[in-house]
Amino acid sequence: MSGLAMPKPDAETMRRRAEIVADMRIIVPGEGVVDAAHEMRAFESDGLTAYRQLPLVVVLPETVAQVSRVLKYCNGRNIRVVPRGSGTSLSGGALPLEDAVLLVMSRFNRILQIDYPNRIVVAQPGVTNLGITTAVEQEGFYYAPDPSSQIACSIGGNVAENSGGVHCLKYGLTANNVLGIEMVLMNGEVVRLGGGHLDQEGYDLLGVMTGSEGLLGVVTEVTVRILKKPETARALLIGFPTSEEGGQCVADIIGAGIIPGGMEMMDRPAIHAAEDFVHAGYPLDVEALLIVELDGPSVEVDHLIGLVEAIAYRNGSTTCRISQSEQERLSFWAGRKAAFPAVGRISPDYYCMDGTIPRKELPRVLAGMRDLSEKYGLGVANVFHAGDGNLHPLILYDANVPGELDKAESFGADILRLCVEVGGVLTGEHGVGVEKRDLMPEMFNQIDLDQQMRVKCAFDPNHLLNPGKVFPQLRRCAELGRMHVHRGQVAFPDIPRF
Amino acid sequence: MTTFTPSTSAEVLSTIQWAAAEESPLETLGHGSKRGIGRPLQTEHTLDLSKLTGVTLYEPAELVLSAKAGTPLAEIEQLLAENGQQFAFEPMVYGPLLGNEPGKGTIGGVLASNLSGPRRLKAGAARDHILGISAVSGRGEAFKSGGRVVKNVTGYDLSKLMANSWGTLAVLTDVTFKVLPAAETEVTLAIRGLLDDAAVAAMALALGSSAEVSSAAHLPERIAAKVAGGKHGSDAATLLRVEGFGPSVVYRIEALRKLLGKAGPLEEIAGEASKTIWRDVRDCRPFTDGSTRPVWRVSMAPSQAHHMVMALRMQAAVDAFYDWQGGLVWLSMREDDPEADLLRGLIRKYGGGHATLVRASAPHRAALPVFEPQPPHLAALSARLKAEFDPKQILNPGRMA
């Protein structure tokens, strides 16, 4: 683990491991408790495979009552808990801790209710993202957020990470498509937020839970909005001699009032890697390749295709293909969707970053990345959710070369600093986890971070749920609660009043 | 009794630091257009944000706008309109319903009360469009959350937490919202003469089609005459709004006609006339009568709400109309009694949801929970959260109680 400090294991918990395992077996009978090292190996990391750690014990509950009892038991005995969905996090959000129960929600895998008149699905958190669409597609419906891991990632994990996907420019993120959840707090209390109706009463705790990376509560049920599938979708594949022209084309499309279903850009290294891999027919003599997908009724799609084509031409596109069939549309996407494995073919390892920037800063950030690439002596390929400014630089390295992982991580950190410098953020959709934890001060000052930690204190005052993630330095809630103001020390404010 | 009128974020900070040190509660106000919602406050001092104004960043191509919290909503909407853009969540204006001037309300108030409108169904509420905030907590600390980009999962989303917090957690100084292109064309298809249950079925059918209906409301008989100055008559009107590019709107309206042709007589209302109807639905125009008779805003699952209304009518004299495919019910009590327990009991019976007493006399607001009471565990969690932001209870104390 390249220098990542995790919370020090609690000696008392480690000493009582056998007793804790036995108690877990009472709470979750049957096959739901795994404590043999070779069997726990499957859970030692998530999608961020550079970090590995065996947990204290793996527990796979089947009922809300079991989740509640496990958490209450751990809360009472000061035992840490790390929740896990499908384990596809790219930021180490589900990385186990040596002294923590790993609470795996994969057995919560049933769809509880499909309600077409109200267009909602109620699912257990272990149902996969794609599983929701599969359950309703025979009626022509789907669940809109589509992270690229959608075949495997769980809807509970999507809530924890506020997952996006290529279609979130038009259809929103997880936060915009979840109507309600049931969750269990660290003290074992079961709480419902929202439901089949719109807007939660009181504070928007649903909004805070979405994207909270498993630090506030364990989700045991999710209610999502489903949508009717658009009648049709077509795509344009547009090449530009420079990324500036590609970026201006994106700005002009949006300026014309068009919000495409998806708008993706790739740079030259990514184009070449993808084309070598899947032979999608991508042009190899361009610096930027833009895929613009328009969906809706065919009359609308045809109308907008014409507008986008004209905008592309005005911005100096050197190639513009328009899909004439569903097969051709899918072929445009084939290279983009295979971009990660394609880069994996040309480099022994790659490290995927996830910053978001104001779109207009793309040329500056790409130029900065080229300089950093030279400085570190590592290659970089870029795929970019162009519509919303979410950038995925893939840093090429070889883990077998001593020091290269460290170098790749430093390169990545510099890229994220650059994103923040131009007005962007550290992570658009992969989460902070352990990966970007120590970069949080690049974006937030101590007061900002303290206020976030105080939210944590309202949910989990003992910092037992998923500690070591998101926050670079945990501060005790009692310390955070202190107020450092005293009567008479603050002057009566010298501002207009009457 | 002091009214502070800061014009900079630093002045807001020093005011709250002073109030925190003195443990002296403040009532926070923008224009006060929604002051009548919530339990009446009796604070010694007032924090008036109406001078904390100005759009600080607007980049139409980046779909982003930032403003100081006291900036008038009307001013921002005018600026957006000049650039062919809008807040897609269509924030309602409460003033006239509550007996205040029209056209008032600040952008901070939009977030603090999580405003939305008929397009909530498709486009979400203020909570779905807020990108970032700067605020001062009741601890007297200035903090920020979020940013200016749409895709951002860096840290907890404290911006969303400000939505519907009614100034009880922190005082907003700056907000950054996502903005979107305004639709080129809008047409409303009205089905006339339906009863509530048939209207709800028709709206569900329309929303379940690929016609991308952006709003669906049902105005029962007589209520229909109270929008758009009565020019569309008093027959019940079930309204479906379709927005977008011209050719697409024509096509989708035609698809809806085919789908709903047997439901009842159909009318098309286009352009400004359509916009007027939806503005009136948004602002609860049918119950804007200059009185203080109780008005409830109820959110339930769309298929359930009209059953609740039917059951309520057996025991109380009410007028009702529906937005959000039937899921948002505006209820006006004909007598002065809000019937809070009866209504909330029926909401629970019909699948749950929540009711807010948005208009009522001060004695009713002091005596009844204006906002939906929460189950004990959730109420305790909310109270802990409030204490983490405002341990001395100096920000709008009791307003949401």
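The values are calculated or read from the model by the stated rules, or taken from the named source; none is laboratory data. In this text the structure is predicted, and so the values were computed from the model without any measurement. All Cβ positions, glycine included, derive from the backbone under ideal geometry; neighbour counts span all protein chains shown.
Remarks
- Scanning segment A:239-271 for residues being of a type in the set (A, V, I, L, M, F, W, C), touching a Lys or Arg at 6+ places or on another chain (Cβ under 8 Å) and not in a helix (DSSP H, G or I) gives a total of 2.
- Within segment B:14-29, the set of residues being farther than 19 Å from residue B:400 by Cβ and more than 9 Å from chain A (Cβ to nearest Cβ) comprises B:24 only.
- Single match in A:281, A:214, A:202, A:255 (criterion: facing another protein chain (nearest Cβ under 10 Å) and at positive phi): A:202
- In the condition set (1) in contact (Cβ under 8 Å) with a residue 12 or more places away in the chain; (2) in contact with a strand residue (DSSP E or B) (Cβ under 9 Å, 6 or more places away or on another chain), residue B:124 is compliant with all but (2).
- Any pair with Cβ under 8 angstrom, 6 or more apart, that starts in segment B:245-258 at a residue that is closer than 13 Å to residue B:191 by Cβ and ends at one that is assigned to a helix (DSSP H, G or I): B:256/B:206
- The set of residues in segment B:238-258 being within 12 Å of another protein chain (Cβ to nearest Cβ) and in contact with a Ser or Thr (Cβ under 6 Å, 6 or more places away or on another chain) consists of B:243, B:246, B:249.
- Among the residues making up segment B:150-166, those that are at pLDDT 95 or above and either in contact with a Lys or Arg (Cβ under 7 Å, 6 or more places away or on another chain) or not assigned by TED's automatic domain parsing to the domain that holds residue B:57 (or both) are B:160, B:163, B:166.
- Tallying residues that are in a loop (DSSP other than H, G, I, E, B) and at the interface with chain A (Cβ under 7 Å from one of its Cβ atoms) within segment B:121-137 yields 2.
- Residue selected from segment A:172-225 under the condition under 18 Å from the mean Cα position of the chain (by Cα) and small (Gly, Ala, Ser), by the criterion farthest from residue A:124 (Cα to Cα): A:172
- Residue B:272 meets all of the listed conditions (1) touching a residue at least 24 places away in the same chain (Cβ under 8 Å); (2) within 23 Å of the chain's Cα centre (by Cα); (3) within 27 Å of residue B:80 (Cα to Cα) but one, namely (1).
- Of the helices (runs of 4 or more DSSP H) lying entirely inside segment A:84-182, those containing at least 2 residues that are in contact with a strand residue (DSSP E or B) (Cβ under 7 Å, 6 or more places away or on another chain) and away from chain B (no Cβ under 12 Å) are A:129-136, A:155-161.
- One residue stands out among those in segment A:452-487 that are facing chain B (nearest Cβ under 7 Å) and at pLDDT below 85: the one that is nearest to the chain's Cα centre (by Cα), which is A:483.
- Residue satisfying all of: in segment B:138-157; over 22 Å from residue A:361 (Cβ atoms), touching a strand residue (DSSP E or B) at 6+ places or on another chain (Cβ under 8 Å) and surrounded by 24 or more Cβ atoms within 10 Å (Cβ to Cβ); farthest from the other protein chains (Cβ to nearest Cβ) among these: B:138
- Some residue of segment B:89-99 being away from chain A (no Cβ under 14 Å), acidic (Asp, Glu) and not in a strand (DSSP E or B): no
Residue by residue, here is whether (1) modelled with pLDDT of 95 or more; (2) under 20 Å from residue A:237 (Cβ atoms); (3) surrounded by fewer than 21 Cβ atoms within 10 Å (Cβ to Cβ) holds:
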{"site": "A:306", "(1), (2), (3)": "yes, yes, yes"}
{"site": "A:313", "(1), (2), (3)": "yes, yes, yes"}
{"site": "A:340", "(1), (2), (3)": "no, yes, yes"}
{"site": "A:345", "(1), (2), (3)": "no, no, yes"}
{"site": "A:360", "(1), (2), (3)": "no, no, yes"}
{"site": "A:363", "(1), (2), (3)": "no, no, yes"}
{"site": "A:370", "(1), (2), (3)": "no, no, yes"}
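- Residue list for segment A:255-272, filter: surrounded by 22 or more Cβ atoms within 10 Å (Cβ to Cβ) and either out of contact with any strand residue (DSSP E or B) (no Cβ under 6 Å at 6 or more places or on another chain) or within 14 Å of residue A:309 (Cα to Cα) (or both): A:260, A:263
- Any hit, segment B:334-357, residues being of a type in the set (Lys, Arg), part of a strand (DSSP E or B) and more than 8 Å from chain A (Cβ to nearest Cβ): no
- In the set B:314, B:310, only one residue is in contact (Cβ under 8 Å) with a residue 60 or more places away in the chain and either over 30 Å from residue B:372 (Cα atoms) or more than 12 Å from every other protein chain (Cβ to nearest Cβ) (or both); that residue is B:310.
- Test: residue B:390 is at pLDDT 95 or above and surrounded by 20 or more Cβ atoms within 10 Å (Cβ to Cβ): yes
- Candidate set from segment A:217-233 (those that are crowded, with 23+ Cβ neighbours inside 10 Å and out of contact with any Phe, Trp or Tyr (no Cβ under 8 Å at 6 or more places or on another chain)); member that is nearest to the other protein chains (Cβ to nearest Cβ): A:223
- Matching entry among B:161, B:172 (being at the interface with chain A (Cβ under 8 Å from one of its Cβ atoms) and either assigned to a strand (DSSP E or B) or not charged (D, E, K, R) (or both)): B:161
- Just one residue in the set A:71, A:48 is hydrophobic (A, V, I, L, M, F, W, C) and either surrounded by fewer than 17 Cβ atoms within 10 Å (Cβ to Cβ) or at pLDDT 95 or above (or both); that residue is A:71.
- If you filter segment A:411-432 down to residues that are among the small types (Gly, Ala, Ser) and at the interface with chain B (Cβ under 10 Å from one of its Cβ atoms), you find that the one that is farthest from residue A:95 (Cα to Cα) is A:423.
- Residue match in segment B:286-294 (condition: surrounded by fewer than 17 Cβ atoms within 10 Å (Cβ to Cβ), β-branched (Val, Ile, Thr), more than 14 Å from chain A (Cβ to nearest Cβ) and farther than 23 Å from residue B:123 by Cβ): yes
- Considering (1) within 14 Å of chain A (Cβ to nearest Cβ); (2) in contact (Cβ under 8 Å) with a residue 12 or more places away in the chain; (3) surrounded by 17 or more Cβ atoms within 10 Å (Cβ to Cβ); (4) in contact with an Asp or Glu (Cβ under 8 Å, 6 or more places away or on another chain), the lone condition that residue B:218 does not fulfil carries the number (1).
- Of the residues making up segment B:45-78, those that are more than 13 Å from chain A (Cβ to nearest Cβ), under 30 Å from residue B:393 (Cα atoms) and surrounded by fewer than 23 Cβ atoms within 10 Å (Cβ to Cβ) are B:53, B:54, B:72.
- Checking segment A:290-298 against the condition returns no match, with no residue being surrounded by 18 or more Cβ atoms within 10 Å (Cβ to Cβ) and assigned to a helix (DSSP H, G or I).
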